[in-house]
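Read through the structure below, which is laid out as structure tokens, and then see the notes.
The values are calculated or read from the model by the stated rules, or taken from the named source; none is laboratory data. All of these numbers come straight from a predicted model, not from anything done at the bench. Here the Cβ positions follow ideal geometry from the backbone for every residue, glycine too, while neighbour counts run over all protein chains shown.
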């Protein structure tokens, strides 16, 4: 494989709680000329907000009572809403850093990211004071979507659910995989040899994260295009759902920057 | 823009010190059917090892005398060569962590990565005991390559020089940009509004890193395909060389995980 393509799906409507996301995605894939419907070997990459909205993983700030700790953390940043901070704390297993209004959290899933993935942008239209959470179990979301897409279209595809994460030492965010079904999450060359027969000691490629990043390039952040179809990766798909995102999460015991 | 393609260049030979990399890349682009030569708007993504080899940024371990500190660090890992550790220290401005044989370094360029980017894999054929360094100034390398490719082909293209970096909290490596010419490094939506008119507070996309990751998916690690052409990003190219990789490097004062 030495070539692939990426196309964002047009015409996906605003997603409401309880929406049949697979049906909407199938319709959008059919209606996007450069895609022409899902086909065997396709990889669907979906920004998590569409999943979270369909699953009702949103919270109205009016329903939230901030704890004293949320008030203290909110006071560090002018304009920070303590109820928003409380939602972040509710999604957090461990708070790694709280500086200048940035909360770096380990989520209950084990992701390390800012604000535990809780986001106020792109909340449902008209839903002021609503924040969007990560899916409760993004691997399960990806598996359910893959099964339903298979049932609707007959196509054997892979599914990635993604979010934009910051990085410890680089500015800006890149999309990474947070839920995976039917795609190998990584490509581990450790112990294999390079082109001159030398062992590749440290080559362990987080392919699912590279796929997430590639897909993000095909969408406009402001264009309601959460879904991207990648073609050219049929050889990375698996017959079963596979291990999910777990292999990409560094174990706490091997983490040099959690302390 | 909602679609792009990625194609790895075939037929690039092993790169020797002093090689005219731009001429070799032009030949490879001409000879790769799916590319058919460089064209205006192309983005060339090149793994740094090709650049480092052409620039002679390699060191023979036989020429290295390890310091006492290199000996101490090497003793933490069975089989670690203290001369290799010395080369890593020579490339390092600040050593952040040294655990279980992994050295997390701030390089003289300001990159935070394992082993200061010094790598023994894919060293020149037959060059046992040779390690490859990062280019001394990857932005300058990218700019020189862009200018020479323009002179050779007339095409207005962008150039990214990349390396595979690990991440603090996720397993596996992803490719990131270490040298940039003629491409905007990031896309800063902070202060702009989302599709329902809400301000996008934290949306600052490291597009050059996403482009690096996307390109890596098109190449085989063992197939001598350091060069990938991305098409569909003409709107991200700049007339001038642009700011380089600097905007993607988090300033030490804003870094919560350097201490």
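Here the range B:243-259 is the region considered, the condition is being over 21 Å from the mean Cα position of the chain (by Cα) and more than 7 Å from chain A (Cβ to nearest Cβ), and the residue that is nearest to residue A:166 (Cα to Cα) is B:254.
Here's the yes/no breakdown for (1) surrounded by fewer than 20 Cβ atoms within 10 Å (Cβ to Cβ); (2) assigned to a loop (DSSP other than H, G, I, E, B); (3) modelled with pLDDT of 95 or more; (4) more than 22 Å from the chain's Cα centre (by Cα):
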site	(1), (2), (3), (4)
B:12	no, yes, no, no
B:19	yes, yes, yes, no
B:23	yes, no, yes, no
B:34	yes, yes, no, yes
B:37	yes, yes, yes, yes
B:59	no, no, yes, no
B:65	yes, yes, yes, yes
B:70	no, no, yes, yes
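Out of the residues in the range A:183-208 meeting the condition of being out of contact with any strand residue (DSSP E or B) (no Cβ under 6 Å at 6 or more places or on another chain) and at pLDDT 95 or above, tell me which one is farthest from the other protein chains (Cβ to nearest Cβ). Checked the range A:183-208; the qualifying residue farthest from the other protein chains (Cβ to nearest Cβ) is A:184. If you check A:155, A:136 for being more than 19 Å from the chain's Cα centre (by Cα) and either in a strand (DSSP E or B) or modelled with pLDDT of 95 or more (or both), only one passes: A:155. Taking the conditions exactly as written (more than 7 Å from chain B (Cβ to nearest Cβ), modelled with pLDDT of 95 or more and touching a strand residue (DSSP E or B) at 6+ places or on another chain (Cβ under 8 Å)), does residue A:211 satisfy them or not? For residue A:211, the condition - more than 7 Å from chain B (Cβ to nearest Cβ), modelled with pLDDT of 95 or more and touching a strand residue (DSSP E or B) at 6+ places or on another chain (Cβ under 8 Å) - is not met. Per the conditions (1) touching a helix residue (DSSP H, G or I) at 6+ places or on another chain (Cβ under 7 Å); (2) surrounded by fewer than 22 Cβ atoms within 10 Å (Cβ to Cβ), the sole criterion not satisfied by residue A:95 is (1).
Restricted to the range B:108-131, and to residues that are within 11 Å of chain A (Cβ to nearest Cβ), at pLDDT 90 or above and surrounded by fewer than 22 Cβ atoms within 10 Å (Cβ to Cβ), which residue is farthest from residue B:70 (Cα to Cα)? Only one residue tops the list, namely B:110.
On inspection, residue A:160 qualifies as within 13 Å of another protein chain (Cβ to nearest Cβ), touching a helix residue (DSSP H, G or I) at 6+ places or on another chain (Cβ under 9 Å) and surrounded by 24 or more Cβ atoms within 10 Å (Cβ to Cβ).
Go through the range A:230-242 and give me each residue that's within 11 Å of another protein chain (Cβ to nearest Cβ) and surrounded by 18 or more Cβ atoms within 10 Å (Cβ to Cβ). Across the range A:230-242, the qualifying residues are A:230, A:232, A:233, A:236. Among the residues of the range A:39-57, those that are more than 17 Å from residue A:154 (Cβ to Cβ) and outside any loop (DSSP other than H, G, I, E, B) comprise A:45, A:46, A:47, A:48, A:49, A:50, A:51, A:52, A:53, A:54. Among the conditions (1) within 14 Å of chain B (Cβ to nearest Cβ); (2) modelled with pLDDT of 90 or more; (3) farther than 16 Å from residue A:237 by Cβ, residue A:180 misses just one, which is (3).
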